[in-house]
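Colleague: Mind having a look at this structure? Questions to follow.
The values are calculated or read from the model by the stated rules, or taken from the named source; none is laboratory data. Keep in mind the model is a prediction, meaning the values are calculated, not measured. Here the Cβ positions follow ideal geometry from the backbone for every residue, glycine too, while neighbour counts run over all protein chains shown. Note: areas computed on protein heavy atoms with side chains; ligands, DNA, RNA excluded. Shrake-Rupley method; radii C 1.70, N 1.55, O 1.52, S 1.80 Å.
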Amino acid sequence: MIDWADISNFIGRLFSFDPNSPLLFTQFYFWAFFALVFAVFSLVGNRRLLRNSFLFFVSLLFYYKTSGLSVLILLFVTCSDFLISHRIYNSKTPVARRIWLITSVTIDLLLLCYFKYAYFFADFLQSAFGIEIQIHDIFAAIGNSITGQERFSVDSIVLPVGISFFTFQIISYSVDVYRGLVKPVSNLLDFGFYVSFFPQLVAGPIVRAKDFIPQLYKPFFLGRRQFGVAVFWILNGLVKKIVLSDYIAVNFIDRVFENPTLFTGFENLSALFGYSLQVYADFSGYTDIAIGVAMLMGFYLPQNFNSPYKASNPQDFWRRWHMSLSAWLKNYLYIPLGGNRKATFGTFFWIILFAVIAVILSGSWIVSVIFIGLALLLWIVAVIKSESKKRILSNINRFITMLLGGMWHGASWNFIIWGGLNGIGLVIYQFWKDMAWWLRMTLVGIVTVALGILSHSFDAPVWNLLFVWMAIVCAGTLVRYIYHLAGGRKCRQIGYVWGVAQTFTFITFTRLFFRSGSNLDPATANQVAWETAQNMVYQIGSKWDMGLIPQICAEYWKVFALVVAGLAIHWLPVRWKRWYRLNFALMPVPLIALAVVIAVILVYQFITADLQAFIYFQF
């Protein structure tokens, strides 16, 4: 007998917002939601406007289920940029077009800054001028005023899920209309669908208008191979997220980061390297699922990851990691700053702003003076040595871009340091790749000796850690130098493998600051993140009890096995991955169904008590 009460409760839960249970790709309720959406979508067929309108409203429902009444913010920027983009396109003079563009970008950034950086600006006013501001949620207050009831909490600002992603996407649309790369979408429902398409709405990839808008007008098509590939991406993403990311996080990594001093140096180092796999499996797993779900509906999202841990240098890494954000920063920030050609007003503006930010976050003018002093020194060198001017200015712009990439994640020291370290890595690589081999060897040798002296002279684990790392770099550089002098054929292959190992290690250690401050209250993030990073460095850099390592490996053998397996699969050749992906897609449908059942059973064995939200939801 049909239990209509249970069905009614299920439907009610499906279409209501529970802040303690947002709609995630890893929940059964999402797949029930998607099954209903896909069933209706199949009935709509190729009636384009009806299809796009339906998916627009479904996407709004999905966002409501994920972030509650923040859906009103999404609706506001959708309507705002739809209207302003037409004003940009129809304006007769360049000045008018620029004014409308500035208006659009200003509205979008003000909303983003309010929700993401309000506490930071309040701290700035308090630190700089002694002005104390109590932060309240203005939009919640407006809602209470409209309803005449105290329905919404105004005591603190809740960051809408995915606001950075859809804000960046909508800014790119307005700028592309201004540049003449796309024509404004004529129908608000079509434009709303482009902005809010639910598979990629809350964590990317950031889709450029010129790549996605043409798909709005194409008839639906899902071939046999596309269906198989879509199912593969969905299963691949679920396995990455639940089997790799969530399991190793809950059973090892989160424990170590929670209190590093309770664990040995080996455990701290293992957690740090494990986090590199966790964050990749988490974020790329989301992207894989998003690509698969979109493909089932006939839409194609851009690739967002390209085996980033195969990168042999920092520049290559950022061409492979979160590719849509890297491309966005390049097209809408790095190039407007002057790129590799010149410095602009924006270059100096951001230098001064980051100097102010340094004062606020550190509480010391010394950091700001050092920052401006280094920038001024580089500028003077660029003016004196005209032949090096473009190179120096391009590196300044590159460094600023990475700092802003760090700020995009949050206005706290841990993200600033993380972005700055990645910027330093990019700048050092630009000089390193053009150095003569003898100069590389000389510089690495000098730095290694200097760190060895510091390690011997001062009882500080950080010097021990840096010395060991630099000694390994020195040894590797020496081997490559010898092969270079001997003209060995294997020099290129050895160089690539060595570059991959060093890049992976460098990126992993920068994430010490990224992970330490994630998911923290902005009011305490700086202190907690810094203490966590200090404690981990202390543990890793202190003397190890080597006898404990076999015991640790035995205790966490499942976690370590998953980390090794995950990295081994990641480093498989691209042609192998393409082969098994296409062969999966071409299997008979019954076999694909069997594979789905097996994958679901496997994933179920690894599901933790509380489903873990995707890491990048907080950004």
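Colleague: Please state which of the following conditions I569 fails to meet, knowing it meets all the rest: (1) at pLDDT below 90; (2) in a helix (DSSP H, G or I).
Modeller: Only one criterion is unmet by I569, namely (1).
Colleague: Restricting to segment 184-199, and then to whatever is outside any loop (DSSP other than H, G, I, E, B) and open to solvent by 20 Å² or more (accessible area, probe 1.4 Å), can you tell me which residue is farthest from R97 (Cα to Cα)?
Modeller: If we take residues in segment 184-199 being outside any loop (DSSP other than H, G, I, E, B) and open to solvent by 20 Å² or more (accessible area, probe 1.4 Å), then L189 is farthest from R97 (Cα to Cα).
Listed here are the residues, each with its yes/no results for (1) among the hydrophobic types (A, V, I, L, M, F, W, C); (2) closer than 30 Å to A529 by Cβ; (3) in contact (Cβ under 8 Å) with a residue 12 or more places away in the chain; (4) out of contact with any Leu (no Cβ under 7 Å at 6 or more places or on another chain).
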| position | (1), (2), (3), (4) |
| --- | --- |
| L403 | yes, yes, yes, yes |
| G406 | no, yes, yes, yes |
| G410 | no, yes, yes, yes |
| G423 | no, yes, yes, no |
| L454 | yes, yes, yes, yes |
| V473 | yes, yes, yes, yes |
| I494 | yes, no, yes, yes |
| R515 | no, yes, yes, yes |
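Colleague: Would you point out which residue out of A568, A529 is farther than 12 Å from E267 by Cα and either basic (K, R) or in contact with a Leu (Cβ under 8 Å, 6 or more places away or on another chain) (or both)?
Modeller: A529
Colleague: With respect to G410, is the statement that it is under 30 Å from the mean Cα position of the chain (by Cα) and on the phi > 0 side of the Ramachandran plot true?
Modeller: In short, yes.
Colleague: Applying the selection to segment 414-442, what residues are loosely packed, with under 15 Cβ neighbours inside 10 Å and small (G, A, S)?
Modeller: A436, the sole residue that qualifies.
Colleague: May I ask you to verify whether I607 is closer than 27 Å to G228 by Cα and at pLDDT below 85?
Modeller: In short, yes.
Colleague: Among the residues of segment 54-74 satisfying the criterion of being within 16 Å of D108 (Cα to Cα) and touching a residue at least 24 places away in the same chain (Cβ under 8 Å), which is farthest from the chain's Cα centre (by Cα)?
Modeller: In this case the residue turns out to be L72.
Colleague: While we're looking at this one, here's another question. Could you give me the residue pairs with C-beta distances under 9 Å whose first residue belongs to segment 553-568 and is without any contact (Cβ under 8 Å) to a residue 12 or more places away in the chain, whose second residue is open to solvent by less than 40 Å² (accessible area, probe 1.4 Å) and of a type in the set (A, V, I, L, M) wherever it lies, and which are 6+ apart or on separate chains?
Modeller: Listed by first residue and then by second, the contacts come to A565/L244.
Colleague: With the structure loaded, tell me whether A450 is at pLDDT 80 or above and at negative phi or whether it fails that test.
Modeller: yes
Colleague: While we're on this one: State which residue is surrounded by the fewest Cβ atoms within 10 Å (Cβ to Cβ) when the search covers only segment 27-56 and only residues that are in contact with a Gly (Cβ under 9 Å, 6 or more places away or on another chain) and more than 16 Å from F221 (Cβ to Cβ).
Modeller: This residue is S53.
Colleague: Among what's in segment 127-140 and is under 17 Å from L72 (Cα atoms) and open to solvent by less than 50 Å² (accessible area, probe 1.4 Å), pick the residue that is modelled with the lowest pLDDT.
Modeller: If we take residues in segment 127-140 being under 17 Å from L72 (Cα atoms) and open to solvent by less than 50 Å² (accessible area, probe 1.4 Å), then A140 is modelled with the lowest pLDDT.
Colleague: May I pose another question? Return the only residue of L109, L36, L101 being of a type in the set (A, V, I, L, M, F, W, C), within 30 Å of D282 (Cα to Cα) and under 27 Å from the mean Cα position of the chain (by Cα).
Modeller: L109
Colleague: Let me ask you something else. May I ask you to say which residue of F115, F124 is open to solvent by 50 Å² or more (accessible area, probe 1.4 Å), assigned to a helix (DSSP H, G or I) and modelled with pLDDT under 85?
Modeller: Of F115, F124, the one residue that is open to solvent by 50 Å² or more (accessible area, probe 1.4 Å), assigned to a helix (DSSP H, G or I) and modelled with pLDDT under 85 is F124.
Colleague: Every residue in segment 208-251 that is part of a helix (DSSP H, G or I), more than 22 Å from the chain's Cα centre (by Cα) and of a type in the set (A, V, I, L, M, F, W, C), please.
Modeller: I213, L216, F227, V229, A230, V231, F232
Colleague: Please tell me if F212 is at pLDDT 85 or above, of a type in the set (A, V, I, L, M, F, W, C) and either over 17 Å from G68 (Cα atoms) or open to solvent by 50 Å² or more (accessible area, probe 1.4 Å) (or both).
Modeller: yes
Colleague: In segment 281-333, which residues are outside any loop (DSSP other than H, G, I, E, B), under 20 Å from L23 (Cα atoms) and open to solvent by less than 10 Å² (accessible area, probe 1.4 Å)?
Modeller: The answer is A281, D282, F283, S284, G285, Y286, T287, I289, A290, G292, V293, A294.
Colleague: What do you reckon, is I446 open to solvent by 10 Å² or more (accessible area, probe 1.4 Å), closer than 23 Å to T347 by Cβ and assigned to a helix (DSSP H, G or I)?
Modeller: no
Colleague: Which members of segment 71-85 meet the condition of being surrounded by 20 or more Cβ atoms within 10 Å (Cβ to Cβ) and not hydrophobic (A, V, I, L, M, F, W, C)?
Modeller: Passing the criteria: T78, D81, S85.
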